[in-house]
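Note sheet for the following structure.
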Amino acid sequence: MDGNEDSGIFFEEDDHRAAYIFNADQPLSTQKQTPRPAKRRKVAKADAPRPHQDSSVELAFPPLFNGAEGSDAVRLRKQLYETAWPVLEDRIQHVLREANSNTLDEVTSFLQHAAEAETGKITAGFIITGPSIASQHLLFEQLGERLRTATRARFVRLRASEAPNLKAALKKIIQDATASGTDGEEVGDVEISHGGRKYLDYDLEALHVFLQQQQQQSPRVVVAFQDSEAFEGGLLTDLIALFHSWRDRIPFDLLFGIATSVELFQARLLKSTARQLYGAQFDVVQADSVLESVIKTAVAGSQAALRIGPSLLQSWVDRHRDQVAGIQVFISSLKYVYMCHFYADPLSVLLAGDGRLDRKLMQPEHIEAVRTLDSFKAQVEAAVEARQLNHAQSLLEDDDYLVAQILEQGQKRNEYLLRLLRSLHLVAATGLSSTSFTDLYILALSSGIDIDQSSGTVPLEDAVKRLRAEEFLSLINRLLMAVQTGSSDLGLDGWEPDAEELVGSLTDLRDEVDGLRERSKSNGTVLKSKYSAQSRVLRTTVVAQKVQLSQDTAIMTDEDKAFTKAVDALLDLLSENLNCGPIDNLFLHEAWVFDSKSPYRDVFVPCPDATFGRALSRPHDYLACACCAKANGGLASTLPTTAILYHLYLEAGALINVADLWSAYYALVGEESEPGLDERSALVCFYRGLAELRMMGFVKQSRKKADHVAKLKWLF
Amino acid sequence: MRNSLFHLPDELILATLSQTFPCREAQIRALATLLYPGAAPCRNLVIHGTEATGKSAITAALLARLADRTEDEGFILSHAIVNSAECITARHLYETVVSKVANALSWDGAPSRCETVSQLTVELVKLLKYTPRPAGFHFVLVFDGIDRQRDAPHTLVPALARLSEIISSLTTVFIVTSPPPRFLLTSSVPHLHFPTYTKTDFVSIVSASPPPALPNTSPQETADLWTRFTAAVHDALARAASRTLPSFHHACTALWPRFTAPVHAGTHSPREFSKLLIAARVHFQNERLLDPGVLTSTATATGSGAGTALATLLPTTPRLLLLASYLASHNATKHDITLFSTHYHGRRRRRGGGPSVGGRPRSKHRKIARKLLGSHAFVLERMLAIFAAVRGEWEAGNTRDHGDNKEEGHADIGMAIATLASLRLLVRVGGGATGDLMDCGGKWRVNVGWEVIRGLGRGIGVEVEDWLIE
Ligand SMILES: Nc1ncnc2c1ncn2[C@@H]1O[C@H](COP(=O)(O)OP(=O)(O)O)[C@@H](O)[C@H]1O
Ligand SMILES: [Mg+2]
C-alpha cells in the first residue's frame, strides 16, 4: 500500500479540526520524531489486513465510527453517493439549459434577421442576465454552440478579464474567430498570411483576409461581451468604433450580457458610439423561476435520493432571494450537502435500496447509532404510549428485531415520498392555492399537507366550496389529468392504476354534476350549492328587487341539493388524497433527510470578521490553555500578545498613538507584573503583535499623524 | 496630350462628383487642383473640418475617379488611404501604409516588418523611388484622421510630412478635424477647409435623395414634400441639437413615416403641408429622435426606468448596500450621528432638509443640492456601518426575520460588494484601486445617479430623500 502515499487524497486527522494549534516553540527535532510518512504508514497498516479491498474506495471515504466501520459499508456509502449525485447533476444541467432555450431562439432569429437588414449600424443584442455572473457563463456557452451551428457564424466570447485593453481584445477576437473552425479542419492557431505578409496579431485585416479565403459566403462574426459591465467604458467605445469602421468588410454583430439595465449600459458609452449600435433587448428567464424548476427537479423530484430538510431549504431560498448567490451557488450547496451526508454520516447506508443493505452490513455501531436518534426515541415513546410494550422493548433490546425494522423503513420511505409528491402535484393541479411550489414543498415537509380550512397547512376548503358548477367540472378534469399524466419535472409517473378508487369517484362526481347542470339548465335555473348561494345573493342585491332576494336564498332546488352533496363528496375525497404528514414523523428520517445548517453555513457563508474577533477576544476558547481560563473574554496579561493588543485596540479611538499603546501593553506584561517580561522581549512581542494586527487589516499606518496608526475596523 | 502646363481634370468627373456631393463644389475643385498631377500637385495637403462634412467621402471618391481616368491623359495616378481609426498602434499604422501602398502598386515582394517612421521611409522609398516608374507617375497617400491616431509619437505627423520631400512623386494628404498651428512643422502647406453645412446645404443635400413615392402621389410631389419636410425638421431639431449630417438624415428618415401617415391613410393630400405638420407636431417634440438610444424603438415599449429594472434584478442585500453607499457618498460624515444613530433621539427623528431651516434666513450662497453633484468617496467601514444602521429600520416592515444573517462582515456581504463593484455600480477610487477588494482602508464611490437610486429606494418603500442632509 505504499503507492497510496503519493496519491495525494490522504486526509490527516487535523484536517477536520476547527482550529489547529501551531506550536512554534516546539523544537524542530521533536516534530521530526513523528514525521508524517510514519503516521501514514500506520493508517495504511491498519487497513492492510482487510482482504481484497478496492484501494481507491478506501482512500476516498475514510471509515467512520472511529475507523470501526466495515469496508463494505464504506464502499456502499461511496457507491450511493456516486449513483445519487451524477444523476441529479445531469437533470439540473438539463433544466438550466432548457431555461435558456427561449432566449437562444430569440437571439438567433434576431441575428439572422439582422444579417438581412441594411442599416449602416451594428446589430447588437442586449441580453439581460441579472446580477449572477456565474449563470452568464452557461448562457454564452450555449449561445456559442447554437450560433455556430444555426447561422454558421464565427462566434467569439470575450470576458473582461481576458481583454484588459484594446490590443488584447482584438488579439482574442482574431484568434477565436479564425481558429474555431466549424469543420474541425483548422486546429489551433492558423497562421494567416497573404502574399507573404504577416499580420500583427491585433490587425483586423488578418481576419478580413481569413474570411475572404473561406469558401463560405461572408460568414458573420459575432462578438459576445459576456460581462459587459466589467469592461472599461473606453475600451467598449473603442471596440465599437472599430467594428463600425470595419463593418463594410467584416460583418460584425455584437452581443452584450448585461447584469443591470440597458440604460445604465448605454450611459457608459459615448453618445456617438451608442448611435452606431442598434438592437434589441432580451430577458433571460427570471432567476426565481429557474430556481423553482431546479428545486422541482433536484430537490423535490423523485430522483433526489437525499431529502433536504425544510429549514435548510428555506435558508437556501432566502439566501437566493437576498444575496447575489445565484443558481450556481444553490447547486453547489446541494452537492456539498450530498457530499457531507454520504461522507460523514455512517447511517447514510440506510438509504441503499434493492437488497444492497442487509443484516451483514449492519454492525453493532450502526445499531447503536440508530438508538441515539431522535426519531428512534419518538418511535419508542409512541409504542409505549400505544401500549405496545413488547414492540418498544424489542426495539430497545433486540438487535435483530431492530434491524428487521430498519430494513422495512426503505419501503416506508418510498411510500411516504410518493404520497408527498402526489399530494403536492394534486394541490398544484387544483390551481386553487396561490403559494409557489417551493413554499408549498417546504411547508409540506415541515408541517405536512392538510386542506382543512381552520387547522390545515394548505387551506383549500373554502375555495372548493365556493366553486360554481363549471369550475367544479374543470377542477375534476384537471385532477384526473394530473393523476393520468403525473409530472415530468417531479419525475412522477401517472398513477391511474394505483388510484382506481379516486379516479372512479371523481369520474362519478363529474358525470353526476354534468347531469345536474343539464337538468337545471333545462329548468331555467342556475346550478348552485349551499355554499355558493350566499355569495350569489351578494351579487344580485345590486340589481334585483329585495323580495326576490330572500326567496333566492331560501329555495334550493333538488339539483342544488345534489350539487351541494357532490361538493361535500369532493371535499372528502380531496382531504383524503391531498394529505401527508411532516417528514420528521418518520422513523429513521435522519438517515435520508439532511436538515442541519452548520457545515453548510461555515463553508458557504463564513464570517471571517466575527471569527477573528472571537479568536482575538477569547483566545482561550480555541487554545484551551490553563493560564487564561479565568480571563473569560476580558483582558489578562497571560493572553497572547496580539489578543492583548486587540483588547487595547477596542478601547482606543480612531487614531492610536503607538507609544501609548506600548506603555499600556508594557504596564500589563512588564517586569512588575505576572509574566514579568523584560523590556527587550516585551518589545519584540509588541512589534510582532502589532504587525499581526496590521496583517489582519485592523490597523494601518496613519498619514495624518506621525507615530500613530489608524483604526480600520470599528464594526464588530 | 500634355499640351499645356496647367490643366484641370476632365470636367465630367468634377461635375458628377459635385452632383453626388451637393454644396461641396468649391472644395472638390480645389482638391482636384491640388491633387491632379496635371494641375498644381502639392507635396503636402491638410484637409480640415468638423465631423461629417464629407472630407473622407469626397477625398476617396475623387481619388478613385481620378485614378480611373488619368491614364488617357498621360498620367498614372495611384493612391492609398489609411484610416487611423483602424490602426491600433503607430506600428500598425506603418505596416498598414506599406501594405496598402504595395497593394496599390500590385507589388508582390514580401514586405518586411516596419517598426519606426524611418523604417517606413525606407520601405516607401524602396517602393516608390528606387523602383523605376513610367513618366507621369504620381502617388497620393492619404492619412485619414491622423490626429486621432492612438499611441502616436509626437513627431509622427512632421515625420510623415517629410516623406514627400524625399520621394518626389508623392503627395501626402492629412485629413484632420482642426490642425494646430505649425501642424507639420514645415512652411507653406496648403490647407483646405471643409466648412460645416448651413441649413440650405443640409436641406439640399438631404433632398437630393428623396424617399420612394407615396401612394397616389407622383415622385415629383413626394420630392417637393420631402424638401419642405426636411427644412421643417431642420428648424425643429437640427439647429438646436443634431448638427451633423448623418444625425440630421437619421432624424428625417425616422420622422418621415409618422409625418406621412395621414397621406398613407388618405386623410390628407401631400400638398397640405401645414396640416400635415400640425398633425405630426408631437413627433417633432419627441426627444428620442435626437438620441435614439441603442434599442430599436419597438423593443423599448416597456418603458421601465433604469431604477425599477435594477430593483427587480438586484437581490435585497446588494440593493440595500447600494442605497447605503449612496447615502455614504452624498452625506457629509459630520451628519452621520444625526441621521443614523437612534441613540439620542429615540426612534423617530426629523430628517431631510437639515435641522429646521424654517426660521433662519437663507444664506446668500445657495448651495447646489448635493444629490446633483458628483458622489464623494467614502471608506468602506463607514458604508457598512450605515448599512447596519439603516437595514434594521428599512426592513422593519419586512416580516421575514433574518436570524443568523444579521452578522456583519460575513461572506455574503463581501460577495454583494464584489458584485456591485464588478457591475460598476460601486467603484474603488484612489491608488488602492487595484489592491485587495475587501481591504477596509480603501475608498469607494457610488456610480449611479439620483434617479436610479430614488427608484431603487421606492422599490422597497424607502424615500431616500429623507435620508439626505444638505
Ligand atoms: N455634401 C454631401 N452630400 C452628400 N453626402 C454627404 C455630403 N457630405 C457628407 N456626406 C455624407 O456624410 C457622411 C459622413 O461623411 P464623411 O466623409 O465621413 O465625413 P468626415 O470625414 O468629414 O467626418 C458620409 O456618409 C457622406 O457620404
Ligand atoms: Mg472622416
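None of B:ARG150, B:ARG162 is within 14 Å of chain A (Cβ to nearest Cβ) and more than 16 Å from ligand 1 (Cβ to nearest atom) except B:ARG150. Against the numbered list (1) away from ligand 1 (no atom under 14 Å from the Cβ); (2) over 23 Å from the mean Cα position of the chain (by Cα), B:LEU31 comes up short only at (1). All conditions in (1) within 15 Å of ligand 1 (Cβ to nearest atom); (2) under 23 Å from the mean Cα position of the chain (by Cα) hold for B:ALA61, with the sole exception of (2).
One line per residue, one yes/no per condition, for (1) touching a residue at least 24 places away in the same chain (Cβ under 8 Å); (2) among the polar types (S, T, N, Q); (3) surrounded by fewer than 20 Cβ atoms within 10 Å (Cβ to Cβ):
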| residue | (1), (2), (3) |
| --- | --- |
| A:SER311 | yes, yes, yes |
| A:ASP318 | no, no, yes |
| A:ILE327 | yes, no, no |
| A:CYS340 | yes, no, yes |
| A:LEU350 | yes, no, no |
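Scan the stretch A:665-683 and tell me whether some residue there is touching a residue at least 40 places away in the same chain (Cβ under 8 Å), in contact with a helix residue (DSSP H, G or I) (Cβ under 9 Å, 6 or more places away or on another chain) and on the phi < 0 side of the Ramachandran plot. Quick ask: steps written out before the conclusion?
From the stretch A:665-683, those touching a residue at least 40 places away in the same chain (Cβ under 8 Å) are none; that's our starting set.
No, the conditions are met nowhere in the stretch A:665-683.
B:CYS114 meets each of the listed conditions (1) free of Cβ contacts under 8 Å to residues at least 40 places away in the same chain; (2) more than 14 Å from every other protein chain (Cβ to nearest Cβ); (3) among the hydrophobic types (A, V, I, L, M, F, W, C) apart from (2). In the condition set (1) touching a residue at least 24 places away in the same chain (Cβ under 8 Å); (2) in a helix (DSSP H, G or I), A:LEU432 is compliant with all but (2).
Sort out which residues of the stretch B:208-234 are within 11 Å of ligand 1 (Cβ to nearest atom) and either away from chain A (no Cβ under 14 Å) or under 30 Å from B:GLU165 (Cα atoms) (or both), and write them in order of number. Once the filter is applied, which keeps residues that are within 11 Å of ligand 1 (Cβ to nearest atom) and either away from chain A (no Cβ under 14 Å) or under 30 Å from B:GLU165 (Cα atoms) (or both), the stretch B:208-234 yields only B:ALA208.
To keep it simple, each residue is scored yes or no on (1) within 12 Å of chain A (Cβ to nearest Cβ); (2) surrounded by fewer than 16 Cβ atoms within 10 Å (Cβ to Cβ); (3) modelled with pLDDT of 85 or more; (4) in a loop (DSSP other than H, G, I, E, B).
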site	(1), (2), (3), (4)
B:ARG366	no, yes, no, yes
B:PHE387	yes, no, yes, no
B:ASN405	yes, no, no, no
B:GLY409	yes, no, no, yes
B:ILE417	yes, no, yes, no
B:GLY455	yes, no, yes, no
B:ASP466	no, yes, no, no
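Counting only residues that are assigned to a loop (DSSP other than H, G, I, E, B) and out of contact with any Gly (no Cβ under 8 Å at 6 or more places or on another chain), which one in the stretch B:5-33 is farthest from ligand 2 (Cβ to nearest atom)? Only one residue fits best here, namely B:LEU5. Taking the stretch A:604-658 and the helices (runs of 4 or more DSSP H) fully enclosed by it, the elements with 2 or more residues that are within 14 Å of another protein chain (Cβ to nearest Cβ) and over 21 Å from A:PRO675 (Cα atoms) are at A:608-617.
Applying the criterion of being closer than 29 Å to B:ALA254 by Cβ and more than 8 Å from chain A (Cβ to nearest Cβ) to the residues of the stretch B:305-322, the residue that is modelled with the highest pLDDT is B:THR308.
Listed here are the residues, each with its yes/no results for (1) hydroxyl-bearing (Ser, Thr, Tyr); (2) at the interface with chain B (Cβ under 7 Å from one of its Cβ atoms).
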| residue | (1), (2) |
| --- | --- |
| A:SER228 | yes, no |
| A:SER245 | yes, yes |
| A:ASP253 | no, no |
| A:ILE258 | no, no |
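One line per residue, one yes/no per condition, for (1) assigned to a helix (DSSP H, G or I); (2) over 27 Å from B:ILE166 (Cα atoms); (3) in contact (Cβ under 8 Å) with a residue 24 or more places away in the chain:
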residue: B:ALA39; (1), (2), (3): no, no, yes
residue: B:VAL46; (1), (2), (3): no, no, yes
residue: B:ILE58; (1), (2), (3): yes, yes, yes
residue: B:LEU62; (1), (2), (3): yes, no, yes
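Highlighted here are the strands (runs of 3 or more DSSP E) found entirely within the stretch B:117-203 that include at least 1 residues which are away from ligand 2 (no atom under 16 Å from the Cβ), out of contact with any Pro (no Cβ under 8 Å at 6 or more places or on another chain) and assigned by TED's automatic domain parsing to the domain that holds B:ALA32: B:137-144, B:170-176. Among the residues of the stretch B:34-58, those that are under 31 Å from the mean Cα position of the chain (by Cα) and not polar (S, T, N, Q) comprise B:LEU45, B:VAL46, B:ILE47, B:HIS48, B:GLY49, B:GLU51, B:ALA52, B:GLY54, B:LYS55, B:ALA57, B:ILE58. Condition check for B:ILE88 on (1) within 14 Å of another protein chain (Cβ to nearest Cβ); (2) within 16 Å of ligand 1 (Cβ to nearest atom); (3) assigned to a loop (DSSP other than H, G, I, E, B); (4) not small (Gly, Ala, Ser): one failure, at (2).
Given the residues A:LEU467, A:LEU473, A:LEU502, which is the only one that is under 23 Å from A:ASP558 (Cα atoms), touching a residue at least 40 places away in the same chain (Cβ under 8 Å) and in a helix (DSSP H, G or I)? Spell out the reasoning first.
On the way: A:LEU467 fails: in a helix (DSSP H, G or I); A:LEU502 fails: under 23 Å from A:ASP558 (Cα atoms).
So the residue among A:LEU467, A:LEU473, A:LEU502 that is under 23 Å from A:ASP558 (Cα atoms), touching a residue at least 40 places away in the same chain (Cβ under 8 Å) and in a helix (DSSP H, G or I) is A:LEU473.
Let's see how each residue does on (1) within 16 Å of ligand 1 (Cβ to nearest atom); (2) touching a residue at least 12 places away in the same chain (Cβ under 8 Å); (3) among the hydroxyl-bearing types (Ser, Thr, Tyr):
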position: B:VAL122; (1), (2), (3): no, no, no
position: B:PRO132; (1), (2), (3): no, no, no
position: B:VAL157; (1), (2), (3): no, yes, no
position: B:ILE175; (1), (2), (3): yes, yes, no
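Being out of contact with any Cys (no Cβ under 9 Å at 6 or more places or on another chain), among the basic types (Lys, Arg) and within 16 Å of ligand 1 (Cβ to nearest atom) is true of B:LYS199. With the requirement that a residue be surrounded by 20 or more Cβ atoms within 10 Å (Cβ to Cβ) and of a type in the set (Asp, Glu), what does the stretch B:148-174 give you? Within the stretch B:148-174, none qualify. The residue of the stretch B:44-77 that is nearest to ligand 2 (Cβ to nearest atom), among those that are within 14 Å of another protein chain (Cβ to nearest Cβ) and in contact with a strand residue (DSSP E or B) (Cβ under 9 Å, 6 or more places away or on another chain), is B:SER56. Tell me whether the stretch B:131-151 contains one or more residues that are of a type in the set (Ser, Thr, Tyr) and at pLDDT 85 or above. Checked the stretch B:131-151: no residue is of a type in the set (Ser, Thr, Tyr) and at pLDDT 85 or above. A:ASP707 meets each of the listed conditions (1) within 43 Å of the chain's Cα centre (by Cα); (2) on the phi > 0 side of the Ramachandran plot apart from (1).
The values are calculated or read from the model by the stated rules, or taken from the named source; none is laboratory data. Because the structure is predicted, anything quoted here is derived from the model rather than measured. Note: ideal-geometry Cβ built from the backbone for every residue, glycine included; neighbour counts use all protein chains shown.
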